[in-house]
Every structure is written in structure tokens, then in C-alpha cells.
Amino acid sequence: MLKPIKLANKNFLSSLDLSKEEVFHILDLSNNFKKNKKFSIDLNSKVLGLIFDKSSTRTRVSFQVAMTRLGGTTIDLNPITSQIGRGEPIKDTARVLSRYCDVMAIRTFDHSDLEEYAKWSTKPVINALTDLEHPCQALADFLTIHEEFLDFKDVILTFIGDGNNVANSLILCGALLGVEVRIACPKGYEPNSLVIKKAYEIYKNKDLLKITNDPIIAVQGANVLYTDVWSSMGEEDKKAEKDKFFNGFTIDNDLLSKAEKDAIVLHCLPAYRSKEITDEVFESKKNRIFEQAENRLHAQQALLSCLLH
Ligand code: CP
Ligand code: NVA
């Protein structure tokens with residue numbers, strides 16, 4: 001029977017905190033959780049603390065449900081009503097909370113703040129999204145892709161839009177798994193340069209990662225079209241300017257028709273119809289967006305059961 005394994009790293013701050021083998025194991029385990037196969041795992045009332053400095057529906061709820069299903073529980077620490085919002089230093093918060101909680105999931109702005117939590121916490125810390133990465137999302141995304149194509153071999157994943165946290169984690173996880181990843185974004189909105197550098201170091205075949213400013217070229221031969229908001233949380237003041245730059249980067253029927261016949265459409269959600277995706281495409285039979293959202297739960301059950309092994 002497939003069982004959770006002990007992960008080499010204590011934390012999951014980046015897609016690169018897992019090895020290729022660990023990602024495959026988590027995907028297999030997620031699949032078993034999804035099929036409701038029984039494991040001899042009971043988190044025995046272990047506690048996951050959630051600190052969310054940004055809004056969330058999927059990540060927060062899927063973590064809460066995942067812990068409940070595993071026999072554990074969660075505490076949602078609202079930064080406004082805790083001392084976090086009044087400026088208590090991260091290093092003090094982390095040292096206190098790791099004496100109460102068994103694992104922490106943190107959504108914040110600066111990735112360095114997440115790293116500061118991890119530095120001072122004696123318990124595992126999970127990245128629930130930072131400005132730099134969204135690695136839990138990438139696990140669910142590759143689970144969804146694997147369910148559809150049964151293998152990553154010959155799959156081409158094209159992300160169209162902002163070179164943001166979601167794109168960065170897709171690139172890094174794609175590099176680990178050896179999946180061809182293409183990013184099409186307007187000039188100046190490319191993914192993080194260090195992420196690209198690290199990904200190229202991992203890919204055996206360097207041609208498998210392409211960054212382009214041409215969405216039409218990027219979708220040719222693609223099996224997965226993926227998009228995300230043009231302006232992420234924290235970029236509200238840039239929205240009007242970015243909307244102009246991203247003209248031509250909408251996944252519409254025209255762009256979709258240039259991809260492979262079997263192409264599916266993914267979106268991490270929340271979505272802005274008529275910006276990054278048209279309502280027609282969003283609601284079309286090509287969409288696997290709600291399978292993808294469901295898979296957040298299964299992937300996080302697998303991740304938690306390994307981190308708390
Ligand atoms: N995709 C995702 O992380 O959604 P939430 O912002 O609702 O958590
Ligand atoms: N890039 C988006 C993802 C939301 C899940 C953001 O950071 O707001």
C-alpha cells in the first residue's frame with residue numbers, strides 16, 4: 001500500500017523544496033486520497049496554523065478540509081485580530097506558534113518574510129502563496145495534467161499572462177518533472193529571472209523551457225493552456241496600466257483553436273472573465289478548472305501527511 005514518506009526538507013517554501021521523486025510520490029498519494037483509498041494515517045489531532053496576510057478561498061478551505069480529513073485540526077490566525085497585524089516580529093511569532101502548532105501554512109507578500117518564519121519555526125512551514133511562488137497550486141496543477149494525459153511525456157504546458165508567482169512555481173515544478181513549459185507574457189512581465197536560471201540548471205533538455213512575448217507561437221502544439229489574473233493581489237494600483245499591456249494575452253476561442261485538438265484549459269482561480277480568459281472558454285468543455293481546484297485538497301492532504309510523517 002502506498003504510504004506517506006518522510007520528505008528530505010522540513011519546509012515547503014518553493015517547488016524546489018521537493019525532489020522529482022518526492023513530487024511523483026505526492027502525486028500518487030494525492031490520487032489515492034482522491035479515490036478514498038484508506039491509509040493507516042491519523043494525524044491524531046495535530047494542528048495546522050494558518051496565517052493569511054492576503055485573501056483566499058481555495059487555499060484556506062482546502063487546507064482546513066485536508067487537515068480535518070486526516071484527523072487533525074486547524075487554527076486560522078487572522079493577522080488583524082492577532083498581534084501579527086500590530087507588528088510583532090516574525091521571529092517572535094514563529095517561535096511562539098511552533099510551540100502550539102505542528103505545521104504552519106503562510107500566505108504573505110514578501111517571500112523573505114516566509115523564509116523568516118521558516119528560519120525561526122521549529123515546525124514545518126508551507127508556502128500558501130507569496131509574491132514569488134505558489135508551490136501548492138503547482139502540485140494540484142500537475143496532478144490535474146497527469147489525470148488528463150496519464151503521463152507527462154510529450155505534454156506541452158503553455159502559460160499565457162503575467163510571469164507571476166503561479167508561473168514561477170509551474171516553471172520550477174515543470175523543470176523537476178521534465179515537462180515542456182512555455183510562458184507567453186508581455187515584454188517586461190517575464191517570470192522571475194532567478195527562477196528561470198534555476199529551471200534551466202535543472203532541465204536536462206534546455207529546449208523544454210521557453211519564454212516568449214508571442215502567445216500565438218507559444219500555443220502551437222500545446223496540450224494545456226493555463227492562465228491567471230493579470231494583476232495579482234497587492235498590485236491593485238497597477239491594474240489599469242497592466243490591462244493595456246496585456247491586450248492580446250486573453251485565452252479566447254481563437255487562441256485555443258491554435259493549440260492541439262486535445263488541449264485543456266486551466267486557471268488557478270479567481271478568474272476575471274474577458275481579461276485573461278473569455279467566458280466562452282472558461283465555460284467550455286475544454287475547461288478542467290474545477291477538477292484543478294478540487295485537486296488542491298487531495299494534493300495538500302498528500303503534502304501534509306508527508307510533512308507530518
Ligand atoms: N488558487 C488559489 O490559491 O485560490 P485562493 O486565492 O482562493 O486561495
Ligand atoms: N497570481 C495570483 C494568484 C491567486 C491565487 C495572485 O497572487 O493574486
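The values are calculated or read from the model by the stated rules, or taken from the named source; none is laboratory data. All values derive from a computational prediction rather than experimental measurement. With ideal geometry, Cβ positions are generated from the backbone for all residues, glycine too; neighbour counts draw on all protein chains shown. Accessible surface is based on the protein model in full, side chains and every heavy atom, while ligands, DNA and RNA are left aside. Shrake-Rupley method; radii C 1.70, N 1.55, O 1.52, S 1.80 Å.
Structure data summary
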{"item": "Of Lys187/Lys285; Lys204/Lys258; Lys210/Lys242; Lys153/Lys206, those spanning more than 24 Å from alpha-carbon to alpha-carbon", "result": "Lys187/Lys285; Lys204/Lys258"}
{"item": "Radius 13 Å from Cβ of Ser82, net charge of other residues (Lys, Arg +1; Asp, Glu -1)", "result": "-3"}
{"item": "Around Asn9: net Lys/Arg minus Asp/Glu count, Cβ-Cβ under 9 Å", "result": "-1"}
{"item": "Contact order normalised by residue count of the chain, Cα under 8 Å, 6+ apart, percent", "result": "21 percent"}
{"item": "Lys/Arg +1, Asp/Glu -1 at C-beta; the chain dipole; positive extreme among Val65, Leu13, Ser169", "result": "Val65"}
{"item": "Sum of -39500 (n - 2.57) over DSSP H runs of 4+, divided by residues of the chain (222 nm, nearest 500)", "result": "-12000 deg cm²/dmol"}
{"item": "Contact order normalised by residue count of region 12-150, Cα under 8 Å, 6+ apart, percent", "result": "29 percent"}
{"item": "The chain, dipole about Cα centre (Lys/Arg Cβ +1, Asp/Glu Cβ -1), debye to the nearest 20", "result": "920 debye"}
{"item": "The chain: most fluctuating residue of Phe245, Phe159, Phe12 per GNM, C-alpha cutoff 10 Å", "result": "Phe245"}
{"item": "Lys/Arg +1, Asp/Glu -1 at C-beta; the chain dipole; positive extreme among Ile183, Ala271, Trp120", "result": "Trp120"}
{"item": "Förster-model FRET efficiency, 51 Å R0, Glu236 and Met1, C-beta, rounded to 0.05", "result": "0.60"}
{"item": "Accessible carbon and sulfur surface of region 102-209 relative to its total accessible area, %, 1.4 Å", "result": "52 percent"}
{"item": "Fraction in percent of alpha-carbon pairs per bin - 10 Å, region 1-144", "result": "11, 42, 37, 10, 1"}
{"item": "Nearest 10 degrees, 0 to 90: helix 165-177 Cα axis against the chain principal axis", "result": "90 degrees"}
{"item": "Dimensionless Rg/Rh of the chain - Kirkwood Rh, Rg from C-alpha atoms", "result": "0.96"}
{"item": "Rough spin-label spacing in nm, given labels placed 7 Å along Cα→Cβ, for Lys197 and Asn287", "result": "4.0 nm"}
{"item": "Gained length - Ser82 relative to Ala271, 0.36 nm times residue gap less alpha-carbon distance", "result": "65.0 nm"}
{"item": "Relative contact order computed over region 81-153 (Cα-Cα under 8 Å; 6+ residues apart), in percent", "result": "26 percent"}
{"item": "Where the chain is the region considered: accessible area per residue in Å², 1.4 Å probe", "result": "44 Å²"}
{"item": "Net length gained if the chain between Asn213 and Lys35 were fully extended (0.36 nm per residue, minus Cα distance)", "result": "60.1 nm"}
{"item": "Two-decimal Rg to Rh for region 121-264 - Kirkwood Rh, Cα set", "result": "0.96"}
{"item": "Local electrostatic count at Glu147 - Lys and Arg +1, Asp and Glu -1, tallied over other residues with Cβ under 13 Å", "result": "-3"}
